Amino acid sequence: MTEVSTATIYDRVGGYEGLQRIATDILALHHANPVLERRYGSSPKSDDELITLVTELLCSVTGGSETYTGMNMHTAHTGMNINHEEFLEVLDDISKALMKNDVSQADHDAIMMMNFGLKNEVLAH
Ligand code: HEM
């Protein structure tokens, strides 16, 4: 009998710990990114707080049972006047972090599409 796989992206990338590693790499890339560093350098949230929130968000959209405890994406980015270049750089850093952590091409692409879908909630408003 053919086995039907019920594994989720969350399972394949190593669950909470795997996504926490990816979130940590994303933030490190943002800090090193000349287009983004002023944003994250001046955030009132600590790196640990941001890593936890991004990890929770990634868990909750990839099949994990964790609850995202942060603000929704529209509220979190209100008044920041984020432009297209910054949005593209954030996506680029996410892609690099996924590749660094050997996420498969199919899972990489699915995660990238989910992030791209947040564009209208994140851009200047
Ligand atoms: C797909 C795109 C994005 C996702 C998934 C995302 C996700 C998040 C999350 C989960 C938080 C924490 C929310 C909370 O505090 O409750 C956050 C905060 C933040 N985001 Fe984003 N973000 C995205 C795009 C961007 C972009 C393009 C920028 C601009 C460079 C940006 C800058 C920030 C900053 C500076 C904070 C900290 C806010 C503060 O200072 O309190 N984000 N983001």
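When Ser65, Ser43, Ser60 are checked against the criterion of being assigned to a helix (DSSP H, G or I) and among the small types (Gly, Ala, Ser), Ser60 stands alone in meeting it. Hey, any hits in segment 53-62 for a residue that's in contact with a helix residue (DSSP H, G or I) (Cβ under 8 Å, 6 or more places away or on another chain), away from the ligand (no atom under 11 Å from the Cβ) and closer than 18 Å to Leu19 by Cβ? Checked segment 53-62: at least one residue is in contact with a helix residue (DSSP H, G or I) (Cβ under 8 Å, 6 or more places away or on another chain), away from the ligand (no atom under 11 Å from the Cβ) and closer than 18 Å to Leu19 by Cβ. Checking every residue in segment 20-34 against the condition of being more than 17 Å from the chain's Cα centre (by Cα), in a helix (DSSP H, G or I) and closer than 17 Å to Ile82 by Cα gives zero matches. Checking Ile82, Ile26 one by one, the residue that is within 16 Å of Val122 (Cβ to Cβ) and in contact (Cβ under 8 Å) with a residue 60 or more places away in the chain is Ile26 and no other.
Screening the candidates Gly41, Gly64 for the property of being touching a His at 6+ places or on another chain (Cβ under 9 Å) and not polar (S, T, N, Q) yields one hit, Gly41.
Collect the residues in segment 71-102 that are among the small types (Gly, Ala, Ser) and not in a loop (DSSP other than H, G, I, E, B), keeping them in residue-number order.
Within segment 71-102, Ala76, Ser95, Ala97 meet the criteria.
When Asp93, Asp107 are checked against the criterion of being acidic (Asp, Glu), surrounded by 15 or more Cβ atoms within 10 Å (Cβ to Cβ), at pLDDT 95 or above and near the ligand (Cβ under 10 Å from one of its atoms), Asp93 stands alone in meeting it.
The values are calculated or read from the model by the stated rules, or taken from the named source; none is laboratory data. All of these numbers come straight from a predicted model, not from anything done at the bench. Virtual Cβ from ideal backbone geometry, glycine too; neighbours counted across all protein chains shown.
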